[in-house]
Amino acid sequence: MFRDAIRAVKLVAAAIGSAEFDAARLEAKAAEGWTTLTELADTFVRDHGLPFRTAHAVAARLMTLTEGDSEKPLSAALADASRELVGRALSYSDGVLAEILSPRHFVLVRRTPGGPAPEETARAAAASRAQLDADQAWWKSATEGLSAAERRLAERSARL
């Protein structure tokens, strides 16, 4: 099992090491299909104090309204959706809505442990590197200790 896992990790490392990514295209694809709709709902919670469930209902209704009428500005659809579900219009410009729904914003605001924000991934990578260094030092020490013990065992066995 470990041998297979090591082989798989080596294959992925080789593939990733030579892979080339079109970051702009990946970001554009990530913006499709409402993948960041949760951030919009989270923004409603933060900005307007809406209950989480209500905020998500407004975001989902916005998605439904815009899919039914792609000509309607996002800000107008949001005003309609929020009036319908909250009783008042939540007001954001189309530009602000585009920023909130952008994949880049989605990543940058997630700074919690394990989140994708650059500062968090840098912290996690540094912690992982430190742990790797500690593990490698332990492994080296343990290997040297076992080798020394095997030599002593061989020497003592030879004297018998």
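The values are calculated or read from the model by the stated rules, or taken from the named source; none is laboratory data. Please read all numbers here as calculations on a predicted model, not as lab measurements. Every residue, glycine as well, gets a Cβ built from its backbone with ideal geometry; the counts of neighbours run over all protein chains shown.
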Go through (1) farther than 29 Å from residue 120 by Cβ; (2) out of contact with any His (no Cβ under 9 Å at 6 or more places or on another chain); (3) among the hydrophobic types (A, V, I, L, M, F, W, C) for residue 100 and report which single condition fails. (1)
Say whether the condition of being modelled with pLDDT under 95 and either over 33 Å from the mean Cα position of the chain (by Cα) or surrounded by 10 or more Cβ atoms within 10 Å (Cβ to Cβ) (or both) is met by at least one residue in region 123-141. no
Residue count, region 33-89 (criterion: among the β-branched types (Val, Ile, Thr), modelled with pLDDT of 95 or more and loosely packed, with under 13 Cβ neighbours inside 10 Å): 0
Tell me, which helices (runs of 4 or more DSSP H) lie completely within region 1-99 with 2 or more residues that are within 25 Å of the chain's Cα centre (by Cα) and within 18 Å of residue 109 (Cα to Cα)? 23-30, 37-48, 52-68
Given the conditions (1) of a type in the set (D, E, K, R); (2) more than 27 Å from residue 24 (Cα to Cα); (3) in contact (Cβ under 8 Å) with a residue 60 or more places away in the chain, which single one is not true for residue 69? (3)
Which of (1) surrounded by 11 or more Cβ atoms within 10 Å (Cβ to Cβ); (2) at pLDDT 95 or above; (3) under 21 Å from residue 45 (Cα atoms) does residue 115 not meet, given it meets every other one? (2)
Tell me, please, whether a residue that is exposed (fewer than 10 other Cβ atoms within 10 Å of the Cβ) and acidic (Asp, Glu) can be found in region 10-23. yes
